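The values are calculated or read from the model by the stated rules, or taken from the named source; none is laboratory data. Since the structure is predicted, the reported quantities are computational estimates derived from the model, not experimental observations. Methodologically, a virtual Cβ is constructed for each residue, glycine included, from the backbone with ideal geometry; neighbour enumeration extends over all protein chains shown.
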There are 2 protein chains.
Amino acid sequence: METKKRTEIASLGQFGLIDLLTRDFAPQNPQTLCATGDDAAVIAVPEGEELLCTTDSFYEGVDFDLTYFPLKHLGYKIVTAGISDLLAMNATPSQITVSLGVSAKIPVEALQDLYEGIAFACKEQRLDLVGGDTRASMTGLVISVTALGHAPKERIVYRRGAQLHDLICITGNLGAAYMGLQLLEREKRVLADVADPEPQFKGYEYLLERYLKPRPRTDIVAALAEEKIVPTAMIDLSDGLASDLMQLCRSSHCGARIYLDRIPIARQTSALAEELHADPVVAALNGGEDYELLFTVPLSMQEQVMRLGLVDVIGHITAESTGCYLVTPDGSDIKLRAQGFPEQE
Amino acid sequence: METKKRTEIASLGQFGLIDLLTRDFAPQNPQTLCATGDDAAVIAVPEGEELLCTTDSFYEGVDFDLTYFPLKHLGYKIVTAGISDLLAMNATPSQITVSLGVSAKIPVEALQDLYEGIAFACKEQRLDLVGGDTRASMTGLVISVTALGHAPKERIVYRRGAQLHDLICITGNLGAAYMGLQLLEREKRVLADVADPEPQFKGYEYLLERYLKPRPRTDIVAALAEEKIVPTAMIDLSDGLASDLMQLCRSSHCGARIYLDRIPIARQTSALAEELHADPVVAALNGGEDYELLFTVPLSMQEQVMRLGLVDVIGHITAESTGCYLVTPDGSDIKLRAQGFPEQE
């Protein structure tokens with residue numbers, strides 16, 4: 001490992017540290033009236049629009065493993081995770097706050113890497129950092145992100161609006177982030193026993209990127225607006241297709257049928273699954289952290305949705321009493337479960 | 001210790017737990033269009049007003065010690081701490097989100113106590129709980145609070161507006177929360193060696209309440225509005241009078257002179273300080289967690305401010321070049337420092 005400069009957090013003090021970390025974050029949005037440096041941020045919500053707000057926390061050892069998760073990527077990923085919930089409501093993210101709990105063992109340079117990733121994501125997504133604090137924690141790194149956004153009332157999409165016969169659409173492909181994590185975990189186990197380690201990631205770079213640096217689907221919200229499509233319901237795919245679809249169905253009081261052979265799975269996802277003797281469908285259903293969007297539209301909008309060129313229709317909404325099912329190519333119905341492989345009935 | 005029912009978090013699952021904890025939180029504000037149960041909260045900001053947002057985190061072992069901090073009080077206190085930053089901007093708090101990181105050792109009943117305290121504070125302050133999550137943490141309890149509020153643009157008060165000769169006003173009295181903490185820490189040390197412990201808090205109940213269950217100064221914001229007073233600058237007293245005054249001065253590019261004999265200190269604060277051979281002025285200057293407000297008004301408003309009956313004028317704003325000083329009754333000037341006792345020059 002290369003030798004790096006190591007500055008102790010205590011040498012800067014709390015205010016010095018915050019100043020250092022946030023000095024590259026000049027506000028980009030005119031709606032951000034006061035970003036950092038006061039008791040609270042002040043934000044103008046565009047006239048005729050509502051404010052949206054969501055909070056997520058990330059714990060070292062639970063949500064990420066710093067032995068292989070580069071802090072710059074982690075900074076990017078927590079922004080994606082934070083604003084993904086706003087995109088799932090069809091809103092425009094505009095500000096975030098980031099609170100850190102850090103143990104004394106983390107040097108200032110590591111936090112600078114983290115903030116570099118946050119800054120990169122903010123710039124890319126036109127977000128302003130409008131607050132947060134850095135505090136001592138007794139153990140590992142804890143990151144809490146609050147994301148703020150806005151949308152006209154009539155464009156806000158809830159989980160609860162799916163209707164009978166609506167089409168179930170998803171963006172991108174599923175299971176890649178989970179397989180990326182499996183790859184990193186495998187290398188961690190292997191390299192623990194090797195003197196001069198060189199990880200074997202060749203051919204699986206896409207999986208690593210999907211796990212370490214997932215991109216928020218801001219493009220989908222923009223494309224839906226462009227095509228004047230307002231989904232009837234939407235949720236982001238953070239817990240896995242099965243769990244998230246079931247949540248949407250629970251909120252909308254409906255059931256669903258999705259078709260196994262329509263679930264988009266990337267070539268690298270299937271290839272690594274095969275190598276690890278795993279099932280790529282399980283990764284797609286239960287892996288989570290894809291940060292893709294799942295939404296429903298009326299059957300009449302099928303053509304319009306396909307024109308987006310960004311989504312796959314994987315099934316349709318059924319009556320609540322029928323439950324949520326995965327249909328296999330041979331026509332079997334498998335009941336979806338939030339965790340583990342679906343149960344054949 | 002009494003025997004309590006103990007339900008494991010794992011027995012409820014993540015969604016079951018959140019449902020259980022938040023079921024008593026029906027929104028009270030018509031501005032809260034969507035509180036919990038979706039990807040994000042949706043909030044209508046009153047027409048002609050701006051949104052204010054602030055985030056705070058609290059770590060077990062750093063910010064609170066569960067061996068003597070009742071969870072119900074902790075729930076109340078984190079709401080006070082969260083909205084105190086909004087009050088310091090002269091805004092009306094309206095919503096909060098609460099994210100928890102909990103270790104498996106914490107039973108569901110303990111989290112219910114915590115949420116009971118949060119619910120009590122929300123009801124008292126007319127706040128809606130609009131989100132948050134509960135996640136596993138590797139160690140102790142981590143609580144992250146985001147508070148949202150609103151205010152007409154012309155009534156928002158920043159740290160940066162203090163002017164030469166302005167009066168420095170503070171609400172309530174200082175140092176009581178810190179002495180409450182000292183009392184609890186002393187009892188913890190004493191009781192560790194005793195078989196049948198009975199803590200000695202008699203005569204110091206007020207100090208315990210100030211530390212364990214501080215009330216947010218919502219009444220001050222209301223009183224200022226009633227009297228049509230808009231302070232030139234304001235900050236909440238969470239880090240201690242010295243540190244917070246110096247921050248306000250740094251933002252306003254000014255200095256300050258405050259008078260030792262005008263700093264309001266409660267009788268119990270002085271009494272316990274004497275018993276512990278401590279200086280109550282140090283508690284007031286550096287103790288922190290008082291959650292009182294410090295604000296400045298033009299000299300011409302002295303009578304109007306005194307009419308509030310809620311504040312003490314403890315000094316005045318000076319030129320930036322003169323720095324921040326505490327003036328003792330014998331006329332000595334002592335330079336304020338953020339930590340530790342001020343330095344005589």
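Given the condition within 14 Å of chain A (Cβ to nearest Cβ), assigned to a strand (DSSP E or B) and in contact with a Ser or Thr (Cβ under 9 Å, 6 or more places away or on another chain), answer yes or no: does some residue in segment B:151-163 qualify?
Yes; the residues of segment B:151-163 include at least one that is within 14 Å of chain A (Cβ to nearest Cβ), assigned to a strand (DSSP E or B) and in contact with a Ser or Thr (Cβ under 9 Å, 6 or more places away or on another chain).
Assess whether B:ALA284 counts as being surrounded by 21 or more Cβ atoms within 10 Å (Cβ to Cβ), at negative phi and either part of a strand (DSSP E or B) or free of Cβ contacts under 8 Å to residues at least 60 places away in the same chain (or both).
no
Among (1) polar (S, T, N, Q); (2) assigned to a loop (DSSP other than H, G, I, E, B); (3) within 13 Å of chain A (Cβ to nearest Cβ); (4) closer than 20 Å to B:LEU212 by Cα, where does B:ASN90 come up short?
(4)
Might you let me know whether segment A:251-259 holds any residue that is surrounded by fewer than 18 Cβ atoms within 10 Å (Cβ to Cβ) and among the basic types (Lys, Arg)?
No; the residues of segment A:251-259 include none that is surrounded by fewer than 18 Cβ atoms within 10 Å (Cβ to Cβ) and among the basic types (Lys, Arg).
Only one residue in B:SER84, B:SER103, B:SER99 is of a type in the set (Ser, Thr, Tyr) and either within 23 Å of A:LEU86 (Cα to Cα) or away from chain A (no Cβ under 11 Å) (or both). Which one?
The conditions single out B:SER99.
Please state which of the following conditions B:ILE168 fails to meet, knowing it meets all the rest: (1) surrounded by 23 or more Cβ atoms within 10 Å (Cβ to Cβ); (2) assigned by TED's automatic domain parsing to the domain that holds B:GLY287; (3) touching a helix residue (DSSP H, G or I) at 6+ places or on another chain (Cβ under 6 Å).
The failed condition is (3).
Outside the structural domain of A:GLU124 (by TED's automatic domain parsing), modelled with pLDDT of 95 or more and under 21 Å from A:ALA271 (Cα atoms), is that true of A:MET234?
Taking the combined requirement at face value, the residue does not satisfy it.
If A:LYS77 meets every condition in (1) over 25 Å from B:VAL102 (Cβ atoms); (2) more than 12 Å from every other protein chain (Cβ to nearest Cβ); (3) in contact with a Pro (Cβ under 8 Å, 6 or more places away or on another chain) apart from one, which number is that one?
(1)
Provide a single number: the residues in segment B:220-249 that are in a helix (DSSP H, G or I) and touching a residue at least 40 places away in the same chain (Cβ under 8 Å).
So the answer is 14.
Return a yes/no flag: does segment B:121-130 have any residue that is within 13 Å of chain A (Cβ to nearest Cβ), assigned to a strand (DSSP E or B) and β-branched (Val, Ile, Thr).
No, every residue in segment B:121-130 fails to be within 13 Å of chain A (Cβ to nearest Cβ), assigned to a strand (DSSP E or B) and β-branched (Val, Ile, Thr).
Out of the residues in segment B:192-223 that are of a type in the set (A, V, I, L, M) and touching a Phe, Trp or Tyr at 6+ places or on another chain (Cβ under 9 Å), state the one that is nearest to B:ALA284 (Cα to Cα).
Per the criteria, the residue is B:LEU207.
Could you please let me know if A:ARG217 is surrounded by 15 or more Cβ atoms within 10 Å (Cβ to Cβ), more than 14 Å from every other protein chain (Cβ to nearest Cβ), in contact (Cβ under 8 Å) with a residue 12 or more places away in the chain and not β-branched (Val, Ile, Thr)?
In short, no.
What is the one condition in (1) of a type outside the set (Phe, Trp, Tyr); (2) touching a residue at least 60 places away in the same chain (Cβ under 8 Å); (3) buried (at least 24 other Cβ atoms within 10 Å of the Cβ); (4) closer than 21 Å to B:ASP56 by Cβ that A:ALA81 does not satisfy?
So the condition that A:ALA81 fails would be (3).
Starting from residues that are surrounded by 22 or more Cβ atoms within 10 Å (Cβ to Cβ) and of a type outside the set (A, V, I, L, M), keep the ones in segment B:98-115 and report whichever is farthest from B:LEU148 (Cα to Cα).
Out of the qualifying residues, it is B:GLY101.
Return a yes/no flag: does segment A:190-201 have any residue that is part of a helix (DSSP H, G or I), over 19 Å from the mean Cα position of the chain (by Cα) and assigned by TED's automatic domain parsing to the domain that holds A:CYS169.
Yes, segment A:190-201 contains a residue that is part of a helix (DSSP H, G or I), over 19 Å from the mean Cα position of the chain (by Cα) and assigned by TED's automatic domain parsing to the domain that holds A:CYS169.
If A:MET138 satisfies every condition in (1) touching a residue at least 40 places away in the same chain (Cβ under 8 Å); (2) farther than 23 Å from A:ALA223 by Cβ but one, which is the exception?
Tallying (1) touching a residue at least 40 places away in the same chain (Cβ under 8 Å); (2) farther than 23 Å from A:ALA223 by Cβ, A:MET138 fails exactly one: (1).
Mind listing just one residue for me: the one in segment B:131-144 that is within 9 Å of chain A (Cβ to nearest Cβ) and crowded, with 23+ Cβ neighbours inside 10 Å and, of those, farthest from B:THR36 (Cα to Cα)?
Going through the qualifying residues, I end up with B:SER137.
I want to confirm something. Restricting to segment B:260-280 and keeping residues that are of a type in the set (Gly, Ala, Ser) and either at positive phi or not in a helix (DSSP H, G or I) (or both), which single residue is surrounded by the fewest Cβ atoms within 10 Å (Cβ to Cβ)?
Among those residues, the one meeting the criterion is B:ALA278.
Looking at segment B:49-91, which of its residues are among the aromatic types (Phe, Trp, Tyr) and within 19 Å of B:GLU185 (Cα to Cα)?
Hits for segment B:49-91 are B:PHE58, B:TYR59, B:PHE64, B:TYR68, B:PHE69.
Got at least one residue in segment B:42-53 being under 18 Å from the mean Cα position of the chain (by Cα) and either within 11 Å of chain A (Cβ to nearest Cβ) or on the phi > 0 side of the Ramachandran plot (or both)?
yes
For residues that are of a type in the set (Gly, Ala, Ser) and either surrounded by fewer than 18 Cβ atoms within 10 Å (Cβ to Cβ) or touching a strand residue (DSSP E or B) at 6+ places or on another chain (Cβ under 8 Å) (or both), tally how many sit in segment A:224-241.
The total comes to 2.
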